[in-house]
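The values are calculated or read from the model by the stated rules, or taken from the named source; none is laboratory data. Quick caveat: nothing in here was measured; it's all calculated off a predicted structure. Cβ: placed from backbone, ideal geometry, glycine included. Neighbour counts: every protein chain shown.
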Amino acid sequence: MRLKNYSPTENKVSAVAERIVGELGYTIWDIRFEKEGASMYLRVYIDKEDGIDIDDCVKVSHPLDKELDVVFKDIPWDFFEVCSPGSERELTRRSHFESYIGSEIAVKTIRPIDNVREFEGILEEIDDDSLKIAGDNAISIRFADIASVKTIDNKPYEGEEL
């Protein structure tokens with residue numbers, strides 16, 4: 001896994017989505033323009049402090065879909081979705097990791113490290129190449145060796161001692 005940056009398409013969508021999503025009282029967690037099978041999906045993941053439900057997704061979906069249809073006739077997606085990042089959200093971007101330092105995470109690796117492929121612990125720090133999990137079984141794992149990282153409790157660090 002590499003820390004992901006937005007693609008050119010995701011950057012274009014972000015510029016429009018940030019305004020609309022912000023006006024409606026939400027924040028953008030992620031934007032993904034990705035191929036699944038033969039179809040292209042544009043997914044905008046929204047968030048707010050007390051969580052997202054289907055009504056929130058609908059509230060954002062309609063005005064955002066209309067605006068994107070007008071502004072981006074050149075972006076060929078088959079399906080557009082507004083989604084919640086979920087209670088156990090995937091961390092893929094530097095900003096995600098930074099906001100969850102001090103929080104409990106679950107890491108799955110591509111290959112075993114000392115015969116183990118799944119690690120849980122407190123995200124202690126990140127740098128350009130790796131993350132460090134604190135605790136009794138503290139470990140530093142290179143992003144290149146990571147298949148996925150998810151939060152366990154969905155609570156960003158709020159200043160407690162590690």
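Here are 98, 88: which of them is under 24 Å from residue 33 (Cα atoms), in contact with a strand residue (DSSP E or B) (Cβ under 8 Å, 6 or more places away or on another chain) and loosely packed, with under 13 Cβ neighbours inside 10 Å? I'd like the intermediate steps shown before the answer.
On the way: 98 fails: loosely packed, with under 13 Cβ neighbours inside 10 Å.
One residue alone meets the criteria, 88.
At negative phi and surrounded by 18 or more Cβ atoms within 10 Å (Cβ to Cβ): which single residue out of 71, 60 fits that description? Outline the logic, then answer.
Working: 71 fails: surrounded by 18 or more Cβ atoms within 10 Å (Cβ to Cβ).
Sole residue among the options that is at negative phi and surrounded by 18 or more Cβ atoms within 10 Å (Cβ to Cβ): 60.
I'm checking my understanding of the structure. Among residues of segment 118-127 that are in contact (Cβ under 8 Å) with a residue 24 or more places away in the chain and farther than 12 Å from residue 152 by Cβ, which one is surrounded by the most Cβ atoms within 10 Å (Cβ to Cβ)? Walk me through how you get there before you give the answer.
First, pick out the residues of segment 118-127 that are in contact (Cβ under 8 Å) with a residue 24 or more places away in the chain: 120, 122-126.
Filter once more, keeping what is farther than 12 Å from residue 152 by Cβ: 124-126.
Working: 124: 16, 125: 14, 126: 18.
Only one residue fits best here, namely 126.
Which residues, taken from segment 1-26, are farther than 27 Å from residue 129 by Cβ and part of a loop (DSSP other than H, G, I, E, B)?
24, 25, 26 - these are the residues of segment 1-26 that are farther than 27 Å from residue 129 by Cβ and part of a loop (DSSP other than H, G, I, E, B).
Identify the residue in segment 35-50 that is modelled with pLDDT of 90 or more and more than 18 Å from residue 16 (Cβ to Cβ) and, among all such residues, is nearest to the chain's Cα centre (by Cα).
Result: 48.
Taking the condition of being hydrophobic (A, V, I, L, M, F, W, C), farther than 20 Å from residue 66 by Cβ and crowded, with 16+ Cβ neighbours inside 10 Å, how many residues in segment 16-42 meet it?
Of segment 16-42, the ones hydrophobic (A, V, I, L, M, F, W, C) are 16-17, 20-21, 24, 28-29, 31, 33, 38, 40, 42.
From the residues that got through so far, the ones that are farther than 20 Å from residue 66 by Cβ too are 29, 38.
Those still in the list that are crowded, with 16+ Cβ neighbours inside 10 Å too: 29.
Total satisfying the criteria: 1.
Can you go through 52, 110, 46 and tell me which one is more than 30 Å from residue 145 (Cβ to Cβ), touching a residue at least 12 places away in the same chain (Cβ under 8 Å), in contact with a helix residue (DSSP H, G or I) (Cβ under 8 Å, 6 or more places away or on another chain) and not polar (S, T, N, Q)? Don't jump to the end; show me each part of the working.
Numbers: 52 fails: in contact with a helix residue (DSSP H, G or I) (Cβ under 8 Å, 6 or more places away or on another chain); 110 fails: more than 30 Å from residue 145 (Cβ to Cβ).
The conditions single out 46.
Residues that are of a type in the set (D, E, K, R): which strands (runs of 3 or more DSSP E) entirely in segment 39-144 hold 2 or more of them? Please lay out each step first, then the result.
Working: elements: 39-47, 79-83, 104-113, 116-126, 130-134, 139-142.
In segment 39-144, 39-47, 104-113, 116-126 are the strands (runs of 3 or more DSSP E) which contain 2 or more residues that are of a type in the set (D, E, K, R).
In the set 37, 51, 22, which member is under 23 Å from residue 153 (Cα atoms) and small (Gly, Ala, Ser)? Steps first, please.
Values: 37 fails: under 23 Å from residue 153 (Cα atoms); 22 fails: under 23 Å from residue 153 (Cα atoms).
Only one candidate passes the filter, namely 51.
Quick check on residue 132: is it of a type in the set (Lys, Arg) and touching a Lys or Arg at 6+ places or on another chain (Cβ under 8 Å)? Quick ask: steps written out before the conclusion?
Values: of a type in the set (Lys, Arg): yes; touching a Lys or Arg at 6+ places or on another chain (Cβ under 8 Å): no.
No: the conditions fail for residue 132.
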